[in-house]
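What follows is one structure encoded as C-alpha cells, with my remarks underneath.
The values are calculated or read from the model by the stated rules, or taken from the named source; none is laboratory data. Every value quoted in this text rests on a predicted model; they were computed, and no experiment measured them. No Cβ is skipped: glycine too gets one built from the backbone with ideal geometry, and neighbour counts run over all protein chains shown.
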Amino acid sequence: MAREKRPANQNTVPTPSLKEKFAALSNLPRFFKLVWQTNRWYTILNAILRLLRSAIPVSMLYIGKLIIDEVVLLSKTAVADQSHLWTLVAAEFALAIVADALSRATTLVDSLLGDLFNNHTSVKIMEHAAMLDLDQFEDSNFYDKLERARQQTVGRTILLSQVLTQVQDLITMVFLAAGLMAFNPWLILLLIIAIVPAFVGESYFNDRSYALTRGQTPERRELDYIRYIGASDETAKEVKLFDLSGFLVNRFKTLSTKFYTDNKKLSTKRAGWGTFLAFIGSAGYYAAYMAIIAQTIKGSISIGTLTFLAGSFRQLRSLLENILSRFTSVSQGAIYLRDFFEFFEIKPRIFTPKKPVPFPATIQQGFVFENVGFKYHNSTNWANRHLNFTLHAGEKLALVGENGAGKTTLVKLLARLYDPSEGRILLDGIDLRDYDLFELRKGIGVIFQDYLRYQMSFSQNIAVGNIDEMDNRALIEQSAAKSLASLLAAKLPNKYDQALGRRFNNGVELSGGEWQKVALARAYMKDAQLLILDEPTSALDARAEYEVFQRFAELTKGKSAVLISHRFSTVRMADRILVLEKGQLLEIGSHEELLALNGRYAELFHLQAKGYR
C-alpha cells in the first residue's frame, strides 16, 4: 500500500510551552457550554455533589482527632461517661456512609453525563460533516482533523471529570490547609517544595505523550484502514483472490511495532523518572511527619492533633500532587479541545446565498457551461477545462471518454457538489451559485457508479434517494417498478422489509446487477428536473442495461438527463453525445453526426463494435 507522501518532519509536533498550556484553558468555556447543552440538570447535580464531597475529608480527619483525644482522656481518668465518644464515632460512621453515597452518585452522574456528551458531540460532528464540501473530504489533512475530532468525543468526558475534580480538590485543600496552618504554617512551605519536582516531571512527560499521539494520527488512520480491509466481508474476496493477507499483516505489524516501540520508550523513561521524583516527594512528607512526632513527644500537641496534622499533610500532599499533575492533563486536554473545535471551524465553500433564487418548477432553457474549469485541491492538473456547451431542457446528453477524462467531475459540477474553479454554470440564465442549494440538489437526481450498498432493508435502500419519503411505501414501490427492482423484491422472503447485506442477522446479499437495480430506484424517488446516471449499470449485461436505459428514456420524457456509459449501444440512444478528452470538450453532436465527423467518437465506436464481431 502506497503511503501518503509527507515531508520528513511532518510527524514532529512541537511540545506546548507553559504559556500555550494556560492559553489552551480558554477552550474550556466553549467546552462547558457543550456540556451544559448536553444536559444542564446533570451538570448542576454533578457540581453540587462534588462541592459536598470536598468538605468530607477535613471533617473526617477532625472527627478522628476528637475521637483519639477523647480515648486518651478516658484512658487517663476514671470518668465512666463514654456517650460523647460514641457520639463522635457515630458521626464519623455517618460521614463515611455519606462519603460513599456521594462518591457513587458522582460516578453515576459522570457516567450518564459522559454517555450523553459522547452522543451529543457525535451528532454535532455528523451534522457539521454533512455541511462540508465534497472536495474537503478528498483532502488527507481534513481527514486528520476529522479523526482527531472523533477521538475527542470519547476523551473529552474524561476532561469534564478532571476539571470538576480539580475544583473539588481545590476546595478540599482550602479546608485542609486552614486546619494545617492553624497548628504549623511552615508545613505548607515544606509541602510545596516536596511536590514541585514530581509536577515538573509529569508535565514534561504529558507533553511528550501529546506530541507523540498527535504526530501518529496519519499512520493510525492507515493502521485502522489495514485492520478493516484485512478482516471485512467487503474485502474478503480480493484479499483471498490476490493473497493479500501476508502483505496486509506485514504492513500492520510494521506500523503497530513502530507505535509500540515509540510508546515503550516514552513509558519506560516516564516510569524511571517518576520513581525518582516520587522518592523526593515521600522524603519531604516523612520529614514533616518526623517533625510532628517530635512536637507530640515534647507535649506541644496532643496525639489527636498528631493524627490530624499527619493526615492533613498526607492528604494535602496527595491533593496538591494530583492538582498539579492534573493541571497538565487538563491543559493537555484543553489543547486537544483545539483539535475538536478546529474541525467545527472548517467552513463549507459551497453554500446557499443569503437571498437565493428559487429552483424552477420546470426548467425552461437548460444548463449552460461558460468556459468552465475545475481543479482539485492541492492538484496542479485541471480535471475539466474550457467547457462550453448547453444541456437543453428535456435533452438526453451522453458523456463519452476514457477513464480519467473528467466525466464524473462534470456531473458533480452540475449537481453543485463542486463549484467551478473558473467560469460559471447557468441554469435558465442564472448562475447555479445563486440558487438555494437544498432545492437545487432536490431538483437533481444522481446515481453514481460507486453508489453505497446500505446494510439496511430493501425499502430503506431505495428510500435514501429521498429520505423525507422513507415511510411512503407506495412511492418506494413505484420507484422499484421503474428500475425493475420490484421483480427482485417479489423473490425475497420478506419482500420490501428484507434486510440486505450480511453484516446483520438474516440479511440477504445481492448480486452486483441486483444491487444496481436497487440503486437505480433511488433516482426515481424524487420528481427531479435533471437525472444523472453515472455508469450505474456497469454490472448489468448488455441486454439488461439496454432495457434499463430504454425504460429510463421513457420515464424521463420532458426532463433533462445525463448518461455516462462505456457501452455505445446505450450511448447512441441519447439526443447528443459529448466526447471528453483530458477534461476538455473534444466533440459534441448526435450519434450520426459524430460518426460522420469520423473523429474520436467514431474511432472508439468502431473499436468497440469490432470487439463484438
Check your understanding: How many residues are of a type in the set (Asp, Glu) and within 27 Å of residue 566 (Cβ to Cβ) if we restrict to region 385-442?
Key -> 2
Review point. Any residue at all in region 496-504 that is assigned to a helix (DSSP H, G or I), out of contact with any helix residue (DSSP H, G or I) (no Cβ under 6 Å at 6 or more places or on another chain) and over 30 Å from residue 401 (Cα atoms)?
Key: yes
Review point. Right, residue 275: of a type outside the set (Lys, Arg) and without any contact (Cβ under 8 Å) to a residue 40 or more places away in the chain or not?
Key: yes
Point to revise | Residue in region 169-180 that is at pLDDT below 75, over 15 Å from the mean Cα position of the chain (by Cα) and in a helix (DSSP H, G or I) present | key: yes
Review point. Hey, any hits in region 238-251 for a residue that's modelled with pLDDT of 70 or more, under 30 Å from residue 509 (Cβ atoms) and of a type in the set (Phe, Trp, Tyr)?
Key: yes
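Residue-by-condition table, conditions (1) without any contact (Cβ under 8 Å) to a residue 24 or more places away in the chain; (2) within 27 Å of the chain's Cα centre (by Cα):
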site: 380; (1), (2): yes, no
site: 397; (1), (2): no, no
site: 400; (1), (2): no, no
site: 417; (1), (2): no, yes
site: 429; (1), (2): no, no
site: 433; (1), (2): no, no
site: 443; (1), (2): no, no
site: 454; (1), (2): no, yes
site: 467; (1), (2): yes, yes
Review point. Is region 591-598 home to any residue that is within 22 Å of residue 533 (Cβ to Cβ), surrounded by fewer than 18 Cβ atoms within 10 Å (Cβ to Cβ), in contact (Cβ under 8 Å) with a residue 12 or more places away in the chain and not hydroxyl-bearing (Ser, Thr, Tyr)?
Key: no
Review point. So which strands (runs of 3 or more DSSP E) stay within region 558-613 end to end and still have 1 or more residues that are among the acidic types (Asp, Glu)?
Key: 576-581, 584-589
Practice item. For residue 50, state whether it is within 30 Å of residue 211 (Cβ to Cβ), assigned to a helix (DSSP H, G or I) and either modelled with pLDDT of 80 or more or of a type in the set (Gly, Ala, Ser) (or both). Key: no
